[in-house]
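The structure appears right after this line, and notes come after that.
The values are calculated or read from the model by the stated rules, or taken from the named source; none is laboratory data. These numbers were taken from a predicted model, which means no experiment stands behind them. All Cβ positions, even for glycine, are placed from backbone atoms using ideal geometry, and neighbour counts span all protein chains on display.
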Amino acid sequence: MKVMVVGSGGREHTLCWKLNQSPVVNKIFCAPGNAGIAEVAECVDIDVCDLEKLADFAKKEEVDFAVVGPEAPLCAGLVDVLKENGIKVFGPSKIAAQLEGSKDFAKQFMLNHNIPTAKAASFSSAKPAEEYIRNEFAEGAKGIVIKADGLAAGKGVCVADEVETAVDFMRSCFEGVFGGAGSQVLVEECLFGEEASILALTDGKTIVPLVSSQDHKRAYDNDEGPNTGGMGAYSPAPVVDDEIMAQVNSQILDNFLKGIQEDGLDFKGLLFVGVMVTENGPKVLEFNVRFGDPEVQAVMCRLDSDLLGVMMKTAEGKLSEAELVWSDDPAVCVVMASGGYPGSYKKGYEITGLDAAAEEGAVVFHAGTSKQEGKIVNTGGRVLGVTARGKDIAAAIANAYRAVDKIHWQDCFCRRDIGFRALAREK
Ligand code: AMP
Ligand code: GLY
């Protein structure tokens, strides 16, 4: 079978790597891919949002199955366009992708379908939003969360514990700092607890959670520094114990499934629920309509079944027939980033030690890399996701960092405490 994967990050390298293990896959194309992806797939230089070009390519190459990785092409409607061109594809329709593309749409969906989430109000201008924020603090709120409505590459959210910070961020949204994404602003109750990521497959008839995971969003150790796309992840997330998982299933996933059925949303792909485990149970922070990155690195390293089979069953509406077998061994992914990330950083430094890291038993997933004059160099903020399994979480952490320590490029950095919450819960 010929498969086309769309995207160029650590998520897409992970998906290509796992799909390449399938006995029925004999060719993978990845648009546009990266230096790591090039080891398992043929990279094609097409932008992820060039819908027509991607569809033409898939038709010309007689691609049997397509997997769309990132949110931007999903929200732009790539799944619909590929389907119109007769290509079988894994991913939600354009309208269903609004569950990630519009925070307002997602919040309404949660409220309409009884899915536990933070209280929120939506505004289209600054004055009433400011009044609402000031009033919330006056009534004793310990914090407030401001969210620009549309896609803002993870930057459109501010968790503020101080009224002026909240007001300033809200104003900057309306002033266009996030472009069109900020023309509508959600002001949300601040939830307290521990976050976890729940990834689940759905074909619109069945919903099946994958093993739990947790991301580390802040740039530096001890959860300090600015927010990033994610500096590391591990699976399972011990905060999601059996009791919490039962609540996630009954209150969130079952209601999600009923909701997409009632609203007629065509969703045959992956739902990623960002959850806050509060004193009053799990509450939804956000929906994403694609695999979490770097969560997927850790999760896929634990999947013993054939990913292609599972994805095809999902796309065909036969998810209930799919078999998912997981390793009990935890997995840890440590992200190595370019110095300066998430701010500006220098590109083009040669990355060394990749083979030595692989010899340590880790899988090194590439994100922002490319090959220049035979050398692999950094070209993005998040560069590598060094991922390893172990017999327990401590062993998985040690295995991942042993591999990390073999890799180097100028100014690279990583967090040294990935998995610390899981370790603390084990003690
Ligand atoms: P979002 O893109 O909506 O997931 O927000 C990004 C991050 O902001 C989340 O992963 C949380 O760390 C934080 N966040 C979002 N909403 C809330 C909330 N209501 N209370 C506390 N933290 C939140
Ligand atoms: N790791 C968070 C995300 O993929 O959005």
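Couple of notes before you dig in:
- The conditions of being on the phi > 0 side of the Ramachandran plot, within 16 Å of ligand 1 (Cβ to nearest atom), surrounded by fewer than 24 Cβ atoms within 10 Å (Cβ to Cβ) and not acidic (Asp, Glu) are met by GLY281.
- Boolean, ALA298 is over 21 Å from the mean Cα position of the chain (by Cα), of a type in the set (A, V, I, L, M) and modelled with pLDDT of 95 or more: no
- Single residue of GLY154, GLY176, GLY180 found to be within 16 Å of ligand 2 (Cβ to nearest atom) and at pLDDT below 90: GLY154
- Residue among THR202, THR228 that alone is farther than 30 Å from LYS142 by Cα, β-branched (Val, Ile, Thr) and touching a residue at least 60 places away in the same chain (Cβ under 8 Å): THR202
- Here the condition is being at pLDDT 95 or above, of a type outside the set (Gly, Ala, Ser), out of contact with any Lys or Arg (no Cβ under 9 Å at 6 or more places or on another chain) and away from ligand 2 (no atom under 16 Å from the Cβ); of ASP56, ASP80, it holds for ASP56 alone.
- When SER197 is tested against the conditions (1) touching a strand residue (DSSP E or B) at 6+ places or on another chain (Cβ under 8 Å); (2) modelled with pLDDT under 95; (3) closer than 20 Å to GLU71 by Cα, the lone failure is (2).
- Of the strands (runs of 3 or more DSSP E) lying entirely inside segment 269-370, those carrying at least 2 residues that are closer than 30 Å to LYS83 by Cα are 281-288, 363-366.
- Residue count for segment 340-354 under the criterion of being buried (at least 16 other Cβ atoms within 10 Å of the Cβ) and either under 23 Å from the mean Cα position of the chain (by Cα) or of a type in the set (A, V, I, L, M) (or both): the result is 5.
- Tally, over segment 103-122, of residues that are polar (S, T, N, Q) and either within 16 Å of ligand 2 (Cβ to nearest atom) or free of Cβ contacts under 8 Å to residues at least 12 places away in the same chain (or both): 1
- Residue count for segment 138-193 satisfying the condition of being closer than 16 Å to GLY274 by Cβ, touching a Lys or Arg at 6+ places or on another chain (Cβ under 7 Å) and either of a type in the set (D, E, K, R) or assigned to a strand (DSSP E or B) (or both): 5.
- Residue in segment 290-304 that is among the polar types (S, T, N, Q) and within 14 Å of ligand 2 (Cβ to nearest atom) present: yes
- Residue list for segment 220-236, filter: buried (at least 19 other Cβ atoms within 10 Å of the Cβ) and within 14 Å of ligand 1 (Cβ to nearest atom): THR228, GLY229, GLY230, MET231, ALA233
- Positions within segment 269-289 being more than 11 Å from ligand 2 (Cβ to nearest atom), among the small types (Gly, Ala, Ser) and under 20 Å from PHE105 (Cα atoms), in sequence order: GLY269
- The residue pairs whose first member lies in segment 123-150 and is closer than 14 Å to GLU188 by Cβ and touching a residue at least 60 places away in the same chain (Cβ under 8 Å), whose second member is more than 16 Å from ligand 2 (Cβ to nearest atom) and of a type outside the set (Phe, Trp, Tyr), and whose beta carbons are closer than 6 Å, counting only pairs six or more residues apart or on different chains, are PHE123/ALA129; PHE123/VAL185.
- Within segment 203-266, strands (runs of 3 or more DSSP E) holding 1 or more residues that are of a type in the set (Lys, Arg): 218-220
- Search result, residues across segment 203-218 that are more than 16 Å from ligand 1 (Cβ to nearest atom) and of a type in the set (Gly, Ala, Ser): GLY204
- Filter result for the condition that a residue is under 30 Å from ASN26 (Cβ atoms) and of a type in the set (Gly, Ala, Ser), over GLY274, GLY309, GLY264: GLY309
- Verdict on ALA196 being surrounded by 17 or more Cβ atoms within 10 Å (Cβ to Cβ), under 16 Å from the mean Cα position of the chain (by Cα) and touching a residue at least 60 places away in the same chain (Cβ under 8 Å): yes
- Flag for VAL299 being aliphatic (A, V, I, L, M), under 26 Å from LYS88 (Cβ atoms) and more than 16 Å from ligand 1 (Cβ to nearest atom): yes
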